[in-house]
Amino acid sequence: LSHLLFICGETMASSTVAALSRLRISTAVAAAASFRVSSSRPLGAARFLSSATSLTDSTSRHKIPAQQQQQVRQPSLVAVGVSPLSQCYYSTTAVSSLASAMPDNLTIDKRSTCSPFYGLEASNDDDKKVKEPVEGEDDDSDETSGDIDDDEEHEDEEDDDEEEERVEEAAANPLEPQYAVPLPDRLHVPIRNLPNSEEVGTIHLSSNVFGMDPIRPDLLHRVVIWQRNKKRGRRTAKTKTISEVSGSGRKVRNQKGGGVARAGHRRPAHWRGGAKAHGPKGSIQDYTTKLNKKVRKLGLKHALSQKLKEGNLILLSDLVLDNHKTKNLAAILDRYDIGGKYGASAFILDDANNDSGVEDGEVVDVTPEYSIGGGNVNFKVACRNLYNIKVCNQIGGNVYDILKHEKLVITLSAMKSLEDRLSP
């Protein structure tokens with residue numbers, strides 16, 4: 001009977017189960033009574049007990065003494081932990097009595113819907129048990145690991161504090177919406193000095209290159225797709241077919257009688273040293289696409305105009321550095337909010353042509369203004385180990401890299417070369 005009650009999702013006290021078993025209630029009667037139980041767990045158990053006892057009272061064949069009736073009705077409600085008129089939550093003593101009433105081999109998860117504790121709030125009568133250390137244990141072995149854990153926690157706390165400060169600062173100073181400067185005022189751009197980021201002058205950019213309006217995303221998309229396909233190029237991988245692989249065409253063995261599969265030659269694809277089935281065919285797989293030169297040039301103009309419209313175009317006088325130290329360059333770029341852990345990525349274009357220290361193809365004297373490959377040599381070496389920063393000559397300026405990086409940094413010489421090259 002007790003197992004049947006657990007299947008139905010209700011729990012009874014051990015004293016009640018024993019009393020009902022002495023009353024000789026049949027399994028069918030108990031099952032019928034259990035299906036009449038309400039969906040509310042505590043009140044359902046009380047109603048089940050009251051219905052079960054009413055069935056026994058109405059049967060004339062069973063005569064129940066008054067003492068047994070008191071033992072059946074009163075302890076059952078106390079053990080379940082509910083009152084017959086109102087629903088209440090389980091207390092610690094009720095839970096312990098229910099746990100003692102359950103069989104040892106039965107375990108019901110409290111989160112399960114069939115559990116009698118489902119949907120009930122746990123009482124806070126019991127305090128959490130704290131594991132006490134065993135006397136006589138040697139804690140010297142845990143000192144090193146404890147120090148390491150403390151250091152890691154300290155570092156994590158510092159990172160959390162730094163992040164909280166950044167969030168608080170951003171919340172205290174919310175960014176105001178920025179609107180693009182209308183043309184032609186947008187073409188009036190300041191010129192900055194690289195080491196101290198001070199403004200050293202202004203210049204009016206060409207409207208044919210930097211003043212495209214409106215910006216056409218369809219052109220930018222076409223140029224980016226063409227650029228990526230060209231970089232993918234042709235698939236040069238090639239495998240030998242069954243007619244090209246080395247091997248004789250003579251029949252390997254008899255057609256029948258060997259007890260093995262038939263074989264005509266030594267070059268099948270499933271044999272070692274054989275051909276490759278459905279392999280790459282080499283130059284047949286060509287991924288390059290065609291795009292007109294005028295469209296490519298127009299796409300580059302729209303990309304430059306987009307960076308100017310966003311306010312992410314930085315115009316510098318030059319990229320001359322006194323040394324090639326990465327640390328010094330990182331501190332300089334931090335003034336422009338470029339690089340570092342939270343800085344923006346940058347695509348830097350230069351067009352320096354100063355090889356005065358070269359004689360007969362050999363480097364004799366390298367000055368701070370010395371350039372190689374169309375860029376300042378100190379600047380190129382210093383930015384090699386900086387994250388998300390790419391430097392190249394203006395001839396290598398392309399739509400993909402301009403859109404990929406957040407900032408676009410151009411020197412005066414590179415700007416002049418771009419305007420001469422892209423102007424009609």
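The values are calculated or read from the model by the stated rules, or taken from the named source; none is laboratory data. Since this is a predicted model, take the numbers as computed values, not measurements. Because the Cβ atoms are built from the backbone with ideal geometry, glycine has one as well, and the counts that use them run over all protein chains shown. SASA here: full protein model, heavy atoms, side chains in, ligands and nucleic acids out. Shrake-Rupley method; radii C 1.70, N 1.55, O 1.52, S 1.80 Å.
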If packing is taken as the mean number of other Cβ atoms within 10 Å per residue, what is the order of 237-248, 255-266, highest first?
-> 237-248, 255-266
Just order 187-194, 165-172 by mean Cβ neighbour count inside 10 Å, highest at the front, would you?
-> 187-194, 165-172
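Arrange the residues His204, His270 by how much accessible surface each exposes, largest first, with a 1.4 angstrom probe.
Sorted by accessible area, descending: His270, His204.
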With every protein chain in place, what's the accessible area of Cys383 (1.4 Å probe, Å², nearest 10)?
-> 10 Å²
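So which chymotrypsin sites (Phe, Trp or Tyr not before Pro) in the stretch 151-241 pass both tests, a DSSP loop state and at most 10 other Cβ atoms within 10 Å of the Cβ?
Values: sites: Tyr179, Phe210, Trp226; in loops: Tyr179.
Those satisfying the criteria are Tyr179.
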Would you grab the residues whose amide H sits under 5 Å from the one on Lys407? Only those 5+ places off in sequence or on another chain, please, with H modelled 1.01 Å from N.
-> Ser345, Ala346, Phe347
For the stretch 157-215, with all protein chains present and a 1.4 Å probe, just round the carbon and sulfur fraction of the accessible area to a whole percent.
-> 47 percent
Tell me which residues come under 5 Å, amide H to amide H, from Ile191 once H is placed; ignore anything under 5 positions away on its chain.
-> Val200, Gly201, Thr202, Ile203
Please give the solvent-accessible surface of Asp160 in Å², to the nearest 10, using a probe radius of 1.4 Å with every protein chain present.
-> 80 Å²
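Can you sort Met415, Met212 by 1.4 Å-probe accessible area, starting with the largest?
Values: Met415 10, Met212 40 Å².
Result of the area sort, largest leading: Met212, Met415.
Let me know the volume per residue of the alpha-carbon convex hull for the stretch 198-326, in Å³. Write out the running numbers ahead of the final one.
Values: hull volume 31.8 nm³, N = 129.
Per residue, the Cα convex hull of the stretch 198-326 comes to 246 Å³.
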Mean Cβ neighbour count within 10 Å, used as a protection proxy, ranking 281-294, 311-324 highest first | 311-324, 281-294
Rounded accessible area of Lys390 (nearest 10 Å², 1.4 Å probe) | 80 Å²
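Return the loop-located GluC sites (Glu not before Pro) in the stretch 368-424 (DSSP other than H, G, I, E, B) with at most 13 other Cβ atoms within 10 Å of their own Cβ; answer none if there are none. Intermediate results must be reported in sequence, preceding the final value.
Details: sites: Glu369, Glu406, Glu419; in loops: Glu369, Glu406.
Filter output for the stretch 368-424: empty list.
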Please work out the Cα center distance from the stretch 292-330 to the stretch 204-234, rounded to the nearest Å.
-> 14 Å
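With +1 on each Lys and Arg Cβ and -1 on each Asp and Glu Cβ, and nothing else charged, work out how big the dipole of the stretch 157-276 is about its Cα centre, in Debye to the nearest 20.
Details: 22 positive and 18 negative charges, 834 e Å.
Dipole of the stretch 157-276, to the nearest 20 debye: 4000 debye.
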